[in-house]
Every structure is written in structure tokens, then in C-alpha cells.
Amino acid sequence: MLATLRLAYFGLLIYCLVFFVAWTAALLSNRRKDHSVPKGSGLLGMLSAFTRGMLPWRKESARLHPLSYVAGILYHMATFTSLAILGFPRFLYAGSGLISVLLLAGLASGFYLLFKRVFDRRYRLMSQFDDYFSNLLVDAMQLSVVLSVLGAVPVLVPYGVAYLVLLYLPFGKLKHCYFFFASRLLLGRSYGRRGVYI
Amino acid sequence: MSLDIGTFRRMLRERLDEELSAYLNACVRCGLCASSCHYYLTDGETASIPGYKLNRLGQVYRRSTGFPRLLPRREHEEALTEEMLESMVDVAYGRCTMCGRCGFHCSIGLDVSRVIHRLRGILTELDRVPKGLGSAVLAAVETGNSMRITREEWVDTVKWLEEDLRLEVSDEKASMPLDRQGSRVLYAVNPREPKFFPLSLSAAAKVFYAAGEDWTLSSRFFDITNYSYFAGDDAQAARFAGNLVSEAERLGVQALGLSECGHGYYAARWHVPSYVRQKSRIDVLSILELIWEYIREGRIRVDPSRNSRRVTLHDPCHLARKGGIIREQRDILRSVVSEFVEMTPSGEKNFCCSGGGGSLSMTVFAERRRGSGRVKAEQIKRTGAEVVASPCHNCIDQLEELDRHYELGVKVVTVTELVADALALPERR
């Protein structure tokens with residue numbers, strides 16, 4: 001049964017990959033030739049955007065919001081760990097204690113970010129259904145993986161929730177898992193050409 | 001009154017390049033960009049959060065993507081209501097100067113200023129551009145410059161300033177040439193200079209004289225401002241920038257030298273060639289690049305003791321962060337003033353003074369402009385400087401207003417004026 005669940009899971013990962021390829025093609029087809037004479041390097045700009053520009057003390061979004069930043073990091077680590085576990089479930093049983101702690105920390109972070117959105121009026125006003133739904137979907141995946149690790153629910157449950165996450169991914173904010181890289185590359189390139197490194 | 005959403009979507013599709021697509025899809029509405037925006041820092045309103053502003057366009061974009069509809073669209077999803085359009089005008093023109101600061105600090109890396117520029121373009125096409133900004137564009141279309149200065153007035157001003165220059169440098173041969181063929185540099189100015197700040201133009205002329213520069217002004221096209229860029233009207237922006245380039249070609253000069261104007265430099269140097277698919281036909285240089293070249297090569301001698309007061313620098317967003325001119329003004333100021341002190345933060349991370357994005361021309365948002373300028377006023381106060389140098393005439397207007405409004409007690413000048421004051425003039429040629 002696990003083999004079948006995994007097969008379907010990888011099938012859905014390929015389904016996401018198809019979207020990634022389609023999005024890449026769409027971005028490339030909309031590519032705008034930049035005729036300005038560069039002052040710096042677009043390549044270095046892209047490199048800088050993913051290295052120096054990611055350092056928490058260089059970004060106010062991290063420096064001025066340490067709690068949200070740490071919560072965001074933990075949340076993403078837990079999400080990718082969940083996805084990795086479902087792809088390669090042997091990991092699940094190899095280090096279940098550590099993994100459970102990470103997943104629980106990620107889950108707590110996810111709820112913190114959700115509560116912030118719900119209870120802080122400023123963020124609530126700028127939020128949409130997708131923001132709540134995506135958060136809850138990912139929370140549910142992390143929770144079901146933790147419960148599965150602890151043997152509290154059958155393995156079918158985390159796979160079922162993960163299928164929903166992957167199915168929804170191309171249509172909501174979860175697609176930032178692809179567009180994050182595209183945006184940062186483009187921002188870095190654009191500024192790098194002007195000799196400004198993020 | 002509402003607008004068919006299909007019309008809006010068509011306009012959006014026409015502007016949808018790779019960057020806009022990526023940014024509109026990537027925002028997670030985390031709101032952490034709020035603390036990087038001078039509007040939000042001073043009013044604390046959700047509408048001032050950059051992510052919120054981006055999503056005014058994002059909400060329309062997403063309506064044309066996403067899940068296939070299982071249910072028929074509701075009425076409000078088929079049309080943009082007047083309220084929605086007004087909200088777009090409010091955020092695009094009244095709560096964003098397109099300074100680009102939030103993009104630097106965004107956890108994802110979204111250039112919100114690029115999105116707002118595109119939104120402004122759509123609103124302009126819908127005839128929703130605020131009156132003052134529209135008037136500045138119209139003036140440039142009708143007269144070739146945004147302040148409706150006639151050719152006669154311009155030429156008279158140059159002649160008058162030329163006489164002053166001769167007296168000041170005690171040299172009858174000193175000149176401010178007009179339409180001289182084959183010079184190295186065609187110098188273009190912000191029309192505020194001939195109109196309100198002739199000393200800025202005099203200062204540039206004095207520096208060119210001291211450096212022995214082979215330069216000229218044009219009697220036809222002299223305006224580097226580009227309010228069409230602010231209005232998001234790329235085609236018109238290209239025409240304005242193209243006027244200067246064509247004039248440079250007509251006069252057979254090697255480079256177009258631009259006076260201290262943030263957006264004018266950005267539009268001519270980066271925006272028009274990048275976003276209007278128009279190749280640069282001529283070198284475009286800021287006067288700061290020219291002056292630093294003169295100092296570095298020993299073509300002018302300067303005495304910093306002539307500027308003995310403490311000087312700080314305000315970096316215009318479109319010149320520094322978005323334009324890549326960051327070191328030059330610092331190297332120049334360190335050479336020409338006795339005490340130079342940086343603001344915190346500065347350079348590419350500097351805060352906007354809130355006079356950018358065409359906000360000075362939009363009187364409807366004047367109160368908000370002054371209010372959001374508090375961030376800059378506090379920055380200036382903390383430096384303890386007596387003089388604020390800023391290489392942008394729009395910024396200077398705003399900084400002077402902030403000086404009065406927040407009682408800062410500072411003098412606001414261009415960098416070139418400080419250089420001219422520090423000049424050790426050569427012996428008469």
C-alpha cells in the first residue's frame with residue numbers, strides 16, 4: 001500500500017513540475033530585452049540576491065521582525081521535511097524523535113503566523129481566503145506527518161493531505177515555492193546590471 | 001461607475017513581462033515589507049503596506065488565473081467598481097513614490113515599485129492620472145518641457161547666467177554655449193533650474209569652465225525631467241528621452257550629461273532602454289559622474305575648507321538605489337566639504353524623502369507627502385548637519401518643505417553647488 005501511495009505522491013510531484021516548466025516557459029516568452037548599457041553585472045546581481053541579500057541582518061523583513069523570521073524559517077523547514085519524509089518514508093523511522101520536534105516547531109510557527117494574520121487588523125485587512133486556506137492545508141500536512149511518525153494515524157492520512165497540498169499548489173500562494181526563485185533572480189539581475197547589489 | 005474587468009485585464013496583459021508575472025505570483029502577503037516603507041512608518045495604515053499596494057493589481061491578475069470556475073462569477077468579480085479604482089489610484093499615486101526600498105528588504109524579493117509603475121500605466125490609460133501629474137506631462141508634450149518655459153525665456157536665462165559667469169570667474173571668454181556642434185557633452189537640466197534655481201545651472205557652468213570641459217546646451221530640448229515615466233506611460237517617456245538623444249545626435253556630441261535629477265537620470269539611463277525596448281544610442285552620464293571624473297583626473301582643484309559646515313547627503317532613490325549612482329556623490333562630497341556625515345541608513349538603503357514619484361506635482365496628496373516625509377526629517381535631525389546636499393531638484397523641493405514643516409534649520413543644496421563653492425579656479429585662460 002505504501003508503494004502505491006508513494007507512486008501517486010511522485011506522480012503529483014511531477015504534476016507540479018509540469019507547472020514549473022510551463023511557468024518557466026511563460027516567463028521566458030515574456031522576457032524583455034534590456035538595451036541599457038550595464039554598469040554592473042546581472043550575474044553577480046543574481047548571485048548576490050541569493051547570498052548576501054538573504055542574510056537576515058541585511059533585510060529589514062528579517063532584522064526588524066525576528067520572531068516572524070524564525071517562525072517562517074521553521075515553518076518552511078518543517079514543510080520541506082514533511083515532503084521529504086513522504087517521498088522517502090524510511091527517514092521517518094530513522095530519526096523520528098528529531099523529526100517530530102522539528103515538525104512540531106514548524107507547526108507551532110505555522111499557527112503563530114496564522115494567528116498573527118487573524119488577530120492583527122493590519123494583516124487581516126490585506127489577507128485573502130487563499131492565505132488562510134494555504135496555511136491550514138500545510139499545517140494539516142505537518143500535523144498528519146507528525147501523528148503518523150508517532151503512530152497515531154495510519155500512513156494514508158499524511159499522504160492524503162499531501163495530495164491536496166500538491167494539487168492546490170499551482171493555484172494559490174503555495175506557488176511562491178517556484179516564484180520566489182524567479183523573483184529573486186529577476187530582482188538581482190535587474191539591480192546587478194545597474195551596479196547595485198542587494 | 002464601474003469598469004469592465006476585461007478591459008483592465010487587456011491592459012494588464014499588454015504590460016505583463018517576466019518581472020511583473022513573477023512579482024504578482026510570488027507575493028505571500030506576509031506584510032513584513034511594512035516597516036521598510038516611509039508611508040507605513042508614518043501613518044500605520046494597511047493601505048500603505050507595500051504588499052497591500054502590490055495586491056491591488058494582484059487581485060485582478062489572480063481573477064484571470066486560478067482554479068477553473070465551478071460557479072458563475074458574481075457581479076463584483078466581473079467589474080472593477082469605482083471604489084476599487086479609487087483605491088488603486090490612492091495606493092499607486094498617493095502612497096508610493098516607486099522608491100524601490102521595500103523590494104530590497106522583501107523576504108521574497110519583489111520589486112513593488114515595478115508593479116506600481118505598471119499599475120500607474122494602466123490608470124493613466126484609463127485617464128485616472130491625478131491632475132497635477134497629468135498637467136506636467138501635458139506641458140512637456142505641448143512645449144517640450146514640464147514647466148512651459150519658452151525657448152526665448154530659456155535662451156535669455158542662459159545669456160544672463162553667462163554674463164554672471166564671466167564676472168564671477170573674471171574671464172570674458174567664459175561661456176555657456178548653446179547649440180555648439182561637436183562638443184563632448186550636451187548638458188540637460190531640470191526646468192526648475194532656469195525657473196527657480198538658476199544658481200544650480202551657474203554652478204554647473206562654473207565647474208565645466210574650471211574643468212575646461214567642451215560642453216553645450218541645446219536651445220531646443222533642455223529638459224531631463226520625465227513625468228511620463230511617473231505616469232507609467234512608457235511610450236511618452238520614450239519620446240521625451242528620445243528628444244534629448246536625438247538632439248545630442250543632431251549636435252554630434254559624444255555624451256548626454258544630465259543635471260541633478262533622480263528620475264530624469266533613471267528614465268534616460270535605465271528605464272527607456274530597458275523597458276521600452278529602445279537601444280541607447282549615446283552615453284548617458286550624470287553630472288556627478290562627470291564631476292568625479294574631473295576631481296579624479298585633477299581637472300579641477302577643490303578646497304574643502306570653503307565648505308566648512310557639517311554636510312549630510314540625501315540619496316535620491318531613482319539616482320542611487322535604482323540608478324546605481326551611489327559612490328560618486330560620496331567621493332565628491334568627501335573632497336569638497338570639511339565634514340561629511342552619512343545618514344542612517346544611506347546609499348541603496350536610504351529612505352525616500354517622499355518627494356519622488358511625481359508626488360510634488362500631485363497637490364491632492366500634499367498633506368500625506370509632508371507627513372510621510374517625517375522619516376527623512378528625523379534622519380536629517382539625527383545627523384546634526386547644517387547642510388543637506390541632494391543631487392535631485394525634486395528632492396530639494398521636498399527637503400526644503402520638510403525643513404520648514406519640521407523646523408530642521410538646514411540649508412538644502414545640490415552637490416554641484418558645493419563643488420562650485422569649493423572650486424579653486426585656474427588662472428585666467
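The condition of being within 18 Å of the chain's Cα centre (by Cα) and more than 14 Å from chain B (Cβ to nearest Cβ) does not hold for residue A:147. Filter segment B:15-58 down to residues that are more than 30 Å from residue B:235 (Cα to Cα) and aliphatic (A, V, I, L, M) and give me whichever is surrounded by the fewest Cβ atoms within 10 Å (Cβ to Cβ). Among those residues, the one meeting the criterion is B:41. Candidates are the residues of segment A:46-75 that are facing chain B (nearest Cβ under 10 Å), of a type outside the set (S, T, N, Q) and in contact with a Ser or Thr (Cβ under 6 Å, 6 or more places away or on another chain); the one that is nearest to residue B:105 (Cα to Cα) is A:60.
Among the residues of segment B:275-298, at least one is surrounded by 19 or more Cβ atoms within 10 Å (Cβ to Cβ), at pLDDT below 95 and either assigned to a helix (DSSP H, G or I) or in contact with a Phe, Trp or Tyr (Cβ under 7 Å, 6 or more places away or on another chain) (or both). Scanning segment B:171-180 for residues that are part of a loop (DSSP other than H, G, I, E, B), more than 11 Å from residue B:206 (Cα to Cα) and at pLDDT 95 or above yields a count of 3. Residue A:8 meets each of the listed conditions (1) within 12 Å of chain B (Cβ to nearest Cβ); (2) touching a residue at least 60 places away in the same chain (Cβ under 8 Å); (3) of a type in the set (A, V, I, L, M, F, W, C) apart from (1). Exactly one residue out of B:384, B:355 is closer than 23 Å to residue B:40 by Cβ, touching a residue at least 60 places away in the same chain (Cβ under 8 Å) and not basic (Lys, Arg): that is B:355.
Which residue is surrounded by the most Cβ atoms within 10 Å (Cβ to Cβ), if the candidates are limited to segment B:117-169 and must be within 23 Å of the chain's Cα centre (by Cα), more than 30 Å from residue B:12 (Cβ to Cβ) and touching a residue at least 12 places away in the same chain (Cβ under 8 Å)? Looking at residues that are within 23 Å of the chain's Cα centre (by Cα), more than 30 Å from residue B:12 (Cβ to Cβ) and touching a residue at least 12 places away in the same chain (Cβ under 8 Å), I get B:145.
Take the residues of segment B:59-97 that are at pLDDT 55 or above and aromatic (Phe, Trp, Tyr): which is surrounded by the fewest Cβ atoms within 10 Å (Cβ to Cβ)? Applying the filter and picking the extreme gives B:61.
Can you list the helices (runs of 4 or more DSSP H) found entirely within segment B:188-252 that contain at least 2 residues being of a type in the set (D, E, K, R), outside the structural domain of residue B:393 (by TED's automatic domain parsing) and under 17 Å from residue B:178 (Cβ atoms)?
Working: elements: B:192-195, B:198-211, B:227-230, B:234-251.
Answer list for segment B:188-252: B:234-251.
The requirement of being part of a helix (DSSP H, G or I), surrounded by 15 or more Cβ atoms within 10 Å (Cβ to Cβ) and over 20 Å from the mean Cα position of the chain (by Cα) is not satisfied by residue A:40. For the residues B:162, B:168, the requirement of being of a type outside the set (Lys, Arg), assigned to a helix (DSSP H, G or I) and farther than 25 Å from residue B:252 by Cα singles out B:168.
Restricting A:174, A:167 to residues that are within 14 Å of chain B (Cβ to nearest Cβ), surrounded by 21 or more Cβ atoms within 10 Å (Cβ to Cβ) and either more than 13 Å from the chain's Cα centre (by Cα) or part of a helix (DSSP H, G or I) (or both) narrows the list to A:174.
Once segment B:10-39 is narrowed to residues that are at pLDDT 95 or above and more than 9 Å from chain A (Cβ to nearest Cβ), the residue that is farthest from residue A:64 (Cα to Cα) is B:39.
Give the residue, chosen from A:185, A:147, that is out of contact with any His (no Cβ under 8 Å at 6 or more places or on another chain), at pLDDT 95 or above and in a helix (DSSP H, G or I). Give the steps one after another, and end with the answer.
Details: A:147 fails: at pLDDT 95 or above.
Answer to the selection: A:185.
When A:62, A:71, A:78, A:84 are screened for being over 30 Å from residue B:103 (Cβ atoms), modelled with pLDDT of 90 or more and not in a loop (DSSP other than H, G, I, E, B), only A:84 passes.
The values are calculated or read from the model by the stated rules, or taken from the named source; none is laboratory data. A quick note: this is a predicted structure, and the numbers were derived from the prediction, not measured. We place every Cβ from the backbone using ideal geometry, glycine too, and count neighbours over all the protein chains shown.
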